[in-house]
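Student: Before anything else, here's the structure in question.
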Amino acid sequence: MYVGMRPRTRILVSRAAAGWRWSRSNRFARAVELHPCVDLVRIGSDYGGWVVPASLLGSNAVCYCCGVGDDVSFDRAVMERWGCSVHAFDPTPKAAALARRVAAEEPRYRFLEVGLWSSDSSVPFFAPPGATDPNEVENWSAKRAKGGLRIEARVRSLSSLMKELGHVRLDLLKLDIEGAEYEVLGAVLRDWLDIRVICVEFHKTPSVTPMIEMTQRLQAAGYRAVALDGFDVTFVRSHAS
């Protein structure tokens, strides 16, 4: 980005980019109606951790963690703290390899190599520009990228997965799925799924508007935001407490 720029110009561009990110985050924060509860705990690593309400999970909790990536510290912490099982989903090669290793060591960790979407189908996933080895890519996205690698990934709707796995409700849904959260959350609201806690990372869009609109839709459907960290939000269904 900075190749060929004079030092002063590079500084101004860097400051402008930082200001744009701050403005985006600030606009999003102002749009989120935050209602913290008293029993919030943060579990997992600094990179992969989330804030959850401790009293709403237990040994029989049904937890879906979607988007394994390269950090399963949150998934492990949920199993260790509450003693429940975790169902994990990710269709990408590097994440699937990690999840299979964890599942081989921990019987409470149940992994399916599928992605989440609004329907059962397959969609193309794109690697960041410059990636050359699909087995080393950490962040695949359904957003089309210019050139580079792509894979065809099997995806499922949340309602379809819940039916297959025999779950009529979820106690926890964690979404870190590189932009597919808009499709998935839209389907959650469309299908009136019974979910107690939703942890979601909202990913970059051309503007902050889709992030704000989805937050408002969740709030209108009875979810309240109890924790906010940048674009990571923890929602609790209003009648779940």
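Here, each number is a calculation from the coordinates, and none is a lab measurement. Every value quoted in this text rests on a predicted model; they were computed, and no experiment measured them. When we count neighbours, we look across all protein chains shown, and the Cβ atoms used for this are built from the backbone with ideal geometry, even at glycine.
Student: Taking amide H positions as placed in the peptide plane 1.01 Å from N, state which residues far from residue 88 in sequence (5 or more) or on other chains have amide H under 5 Å from it.
Tutor: Amide H neighbours of residue 88, under 5 Å, 5+ apart: 65, 110, 111, 112.
Student: State the antiparallel share, in %, of DSSP beta bridges confined to the chain, rounding to the nearest 5.
Tutor: Numbers: 22 of 43 bridges.
Looking only at bridges with both residues in the chain, the antiparallel portion is about 50 percent.
Student: Something else about it: Hey, what angle do you get for helix 181-190 against the long axis of the chain, alpha-carbon based, 0 to 90 degrees rounded to 10?
Tutor: Helix 181-190 sits at roughly 40 degrees to that axis.
Student: Please report the spacing between the Cα centers of segment 22-38 and segment 60-119 in Å, no decimals.
Tutor: 28 Å
Student: Moving to a separate point now. So which of 143/163; 94/143; 94/163 end up more than 22 Å apart by C-alpha? Could the numbers behind the result be given before it?
Tutor: Working: 143/163 28 Å; 94/143 19 Å; 94/163 27 Å.
Checking Cα-Cα distances, 143/163; 94/163 exceed 22 Å.
Student: Next question. Which of the trypsin sites (Lys or Arg not before Pro) across segment 136-167 are loop residues per DSSP, with 11 or fewer other Cβ within 10 Å?
Tutor: Values: sites: 143, 144, 146, 150, 154, 156, 163; in loops: 143, 144, 146.
Hits after loop and neighbour filter: 144, 146.
Student: Follow-up question, since we're still on this one. Express in nm, to one decimal, how much length is gained between residue 39 and residue 204 on full extension, taking 0.36 nm for each residue of separation and deducting their alpha carbon distance. It would help to have the intermediate numbers written out before the result.
Tutor: On the way: separation 165, 0.36 × 165 = 59.40 nm, distance 2.99 nm.
Working it through step by step, the gained length comes to 56.4 nm.
Student: Based solely on its DSSP helices, what 222 nm [θ] is calculated for the chain when runs of n ≥ 4 H residues each add -39,500 (n - 2.57) and the sum is averaged over all residues, nearest 500 deg cm²/dmol?
Tutor: My calculation for the chain gives -10500 deg cm²/dmol from helical runs alone.
Student: Kindly provide the GluC sites (Glu not before Pro) of segment 61-127 that DSSP labels as loop, not H, G, I, E or B, and whose Cβ sees at most 10 other Cβ atoms within 10 Å. Display every interim value, and only then the final one.
Tutor: Working: sites: 80, 105, 113; in loops: 113.
For GluC sites (Glu not before Pro) across segment 61-127 that sit outside H, G, I, E and B with at most 10 neighbouring Cβ atoms in 10 Å, the list is empty.
Student: Another question, then. Separation between the residue 191 and residue 239 pseudo-spin-labels, each 7 Å from Cα along Cα→Cβ, expressed in nm?
Tutor: 2.1 nm
Student: By how many degrees, between 0 and 90 and to the nearest 10, does the Cα long axis of helix 93-105 differ from the longest principal axis of the chain?
Tutor: Taking the Cα atoms of the chain, the angle to 93-105 is about 30 degrees.
Student: Subtract the Cα-Cα distance of residue 29 and residue 54 from 0.36 nm times their separation in residues, and report this length gain in nm to one decimal.
Tutor: Values: separation 25, 0.36 × 25 = 9.00 nm, distance 2.35 nm.
Full-extension gain reported as 6.6 nm.
Student: Using the Karplus equation 6.51 cos²θ - 1.76 cosθ + 1.60 (θ = phi - 60°), what ³J(HN,Hα) coupling, rounded to whole Hz, does each residue of segment 50-64 give in order, writing x for Gly and Pro?
Tutor: Here the 3J(HN,Hα) series is 9, 9, 9, x, 4, 6, 8, 10, x, 5, 9, 5, 9, 10, 10 Hz.
Student: Running a GNM on the chain with Cα contacts under 10 Å, which residue among 117, 192, 140 ends up with the highest mean-square fluctuation?
Tutor: Highest fluctuation among the options: 192.
Student: What length, rounded to one decimal in nm, is gained on full extension from residue 105 through to residue 212, with 0.36 nm per residue of separation minus their alpha-carbon distance?
Tutor: Details: separation 107, 0.36 × 107 = 38.52 nm, distance 3.97 nm.
That works out to 34.5 nm of additional length.
Student: Using θ = phi - 60° and the Karplus form 6.51 cos²θ - 1.76 cosθ + 1.60, what ³J(HN,Hα) does each residue of segment 146-160 get, whole Hz, x for Gly and Pro?
Tutor: Calculated HN-Hα couplings, in order: 6, x, x, 7, 8, 10, 9, 10, 6, 10, 9, 7, 5, 5, 5 Hz.
Student: Taking the Cα atoms only, what angle lies between the long axis of helix 7-31 and the longest principal axis of the chain, rounded to 10 degrees?
Tutor: With rounding to tens, the tilt is 30 degrees.
Student: Another question, then. What label, among (i) 29, 23, 17; (ii) 25, 23, 18; (iii) 31, 19, 17, belongs to semi-axes √(5λ) of the Cα gyration tensor in Å computed from the structure on display?
Tutor: (i)
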